[in-house]
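Shown next, in structure tokens, is the structure this report addresses.
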Amino acid sequence: MQTVKTLQMLRTTLGQLRSAAGHGRARIALVPTMGALHEGHLTLVRRAREAADHVVASIFVNPRQFGPNEDLDAYPRQLAEDAAMLEAEGVAVLWAPTPEAMYPAGFATNISVAGVSDGLCGAARPGHFDGVATVVCKLFNQVQPDMAFFGEKDFQQLAVIRTMARDLDLTHPHVDAIIGVPTMREADGLAMSSRNRYLTPEQRTAAAVLPEALAMAAQTIAAGDQPIWLAKSVVEDELQLAGFRLDYIAVVDAETLAPIEELAGRPARILVAARIGTTRLIDNMAIVPRD
């Protein structure tokens, strides 16, 4: 695996990979990350390896998606450990730019995706999805991958990226497919996240209530056993009993993220964000109506 930190070196390295393919232009898959890797990230890498000739993983702690009171300075940085994990998974190139390389002096462009970035985490973290869209657009232009892989745990982020790529015509010729990969979970169901390390043992035990309550709500809504408003209320009560402070719970159209009050034959999702102690956790699950 080659670790590159300048755009010039990245383009040279990718040019060599593409031209070395014996069957025509090699297919490149991109897995963007902010590091602090766990099994969820490695699952994205494995899916990417199955689909492409070479995998490029990026590690960049993007300052533009952190608010003034968020944990940019505290965000874990472990480049050597992350690089070892990526190399063991067969990643060809690790793109690890510095903030100065990604945002050079005079950088003045911001990408804002209306609609899907409104509400939910967009309301709780103003400017967050502008930072996500801007850095992902840059990564697409820098790497010019044939496909890119993102986890479904950050479901609103995935919707923002898909909308941005569609609206800015990034899907061709650069990215043929933006692929969402189902959330990887711990044995008790908690979604894997770098933020889980901030939980105390007691909080970690209580956090298992989050996916359990969410799964039950998704099932009862899908079966028509409870109206959406009541299922959300039950989740809120269970989370509060477990020590969470709810940021939001919403049932939305899975494409537009518009809130819905009843199922209408379109894919839907239930999404939640809640805090336990100082740690903010997010999760979501598909609602699949029974035939």
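The values are calculated or read from the model by the stated rules, or taken from the named source; none is laboratory data. This is a predicted model, so every value here is computed, not measured. Cβ: placed from backbone, ideal geometry, glycine included. Neighbour counts: every protein chain shown.
You will find that of 262, 212, the residue that is part of a loop (DSSP other than H, G, I, E, B) and more than 28 Å from residue 66 (Cα to Cα) is 262 and no other. Taking the listed residues 120, 190, 199, 158, the one that is under 20 Å from residue 62 (Cα atoms), surrounded by 18 or more Cβ atoms within 10 Å (Cβ to Cβ) and either at pLDDT 95 or above or more than 18 Å from the chain's Cα centre (by Cα) (or both) is 158, with no other qualifying. Residue pairs whose Cβ atoms lie under 6 Å apart, sitting 6 or more positions apart in sequence or on different chains, and linking a residue in segment 59-73 that is assigned by TED's automatic domain parsing to the domain that holds residue 121 to a partner that is surrounded by 14 or more Cβ atoms within 10 Å (Cβ to Cβ) and among the basic types (Lys, Arg), are 67/125. Every condition in (1) surrounded by 15 or more Cβ atoms within 10 Å (Cβ to Cβ); (2) under 20 Å from residue 159 (Cα atoms); (3) among the polar types (S, T, N, Q); (4) at pLDDT below 95 holds for residue 256 except the one numbered (1). The residues of segment 215-242 that are of a type outside the set (A, V, I, L, M, F, W, C) and part of a helix (DSSP H, G or I), listed by number, are 219, 220, 232, 233, 236, 237, 238, 240. Please indicate, with yes or no, whether at least one residue in segment 17-24 is in contact (Cβ under 8 Å) with a residue 12 or more places away in the chain, touching a helix residue (DSSP H, G or I) at 6+ places or on another chain (Cβ under 8 Å) and surrounded by 13 or more Cβ atoms within 10 Å (Cβ to Cβ). Within segment 17-24, not a single residue is in contact (Cβ under 8 Å) with a residue 12 or more places away in the chain, touching a helix residue (DSSP H, G or I) at 6+ places or on another chain (Cβ under 8 Å) and surrounded by 13 or more Cβ atoms within 10 Å (Cβ to Cβ). Only one of the numbered conditions (1) under 20 Å from residue 151 (Cα atoms); (2) not in a loop (DSSP other than H, G, I, E, B) is not met by residue 275, and that is (1).
A single entry from 82, 71 fulfils the requirement of being crowded, with 19+ Cβ neighbours inside 10 Å and charged (D, E, K, R): 82. I'd like the full set of residues that are touching an Asp or Glu at 6+ places or on another chain (Cβ under 7 Å) and in a loop (DSSP other than H, G, I, E, B), limited to segment 177-209. Correct list: 182, 183, 184, 189, 192, 208.
Here 43, 12 are screened, and the one residue that is over 19 Å from residue 87 (Cβ atoms) and among the polar types (S, T, N, Q) is 12.
Taken over segment 85-98, the criterion of being out of contact with any strand residue (DSSP E or B) (no Cβ under 9 Å at 6 or more places or on another chain) and either surrounded by 20 or more Cβ atoms within 10 Å (Cβ to Cβ) or under 16 Å from residue 31 (Cβ atoms) (or both) is satisfied by 85, 88.
Residue count for segment 202-221, restricted to those that are surrounded by fewer than 18 Cβ atoms within 10 Å (Cβ to Cβ), farther than 14 Å from residue 238 by Cα and touching a residue at least 60 places away in the same chain (Cβ under 8 Å): 0. Selection over segment 37-52 of residues that are part of a loop (DSSP other than H, G, I, E, B) and surrounded by fewer than 19 Cβ atoms within 10 Å (Cβ to Cβ) gives a count of 1.
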